[in-house]
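**Student:** Before I ask anything, let me first share the structure, which is written out below as structure tokens.
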Amino acid sequence: MPDCYMCLPTCENCKPKMVVCAECGARTLMDLKACPLCKAPITEEARERAWEEWRSRHE
């Protein structure tokens, strides 16, 4: 784990924090329930895809 001073919303050193909206394709924060642009719900599939991409970059 990196030695961070504070956790930044877009920093993905220790875990993924951004997800791609399945409806409009915008990157948004993973912790949100819905995309702020198109209001579509952020799906569990999109969250899992973000985790898979993050793991592939941090192995």
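**Student:** For the chain, can you list the cysteines whose C-beta has no other cysteine C-beta under 4.7 Å from it?
**Tutor:** Singleton cysteines: C4, C7, C11, C14.
**Student:** Tilt of helix 44-57 relative to the longest C-alpha principal axis of the chain, in degrees (0 to 90, nearest 10)?
**Tutor:** Orientation of helix 44-57: about 30 degrees from the principal axis.
**Student:** Something else now. Going by a ≥ b ≥ c, the root eigenvalues of the Cα gyration tensor, does the chain fall in the rounded group (a/c under 1.5), the prolate group (a/b larger than b/c) or the oblate group?
**Tutor:** Because a/c hits 1.5 or more and a/b fails to exceed b/c, the chain counts as oblate.
**Student:** Within the chain, which is the longest segment that contains none of the trypsin sites (Lys or Arg not before Pro) sitting in a DSSP loop with at most 14 other Cβ atoms within 10 Å?
**Tutor:** It runs 1-32.
Readers should treat all values here as calculations from the given coordinates under stated rules, not as data from a laboratory. Given the structure is predicted, the values throughout are model-derived calculations rather than measurements. Cβ: placed from backbone, ideal geometry, glycine included. Neighbour counts: every protein chain shown.
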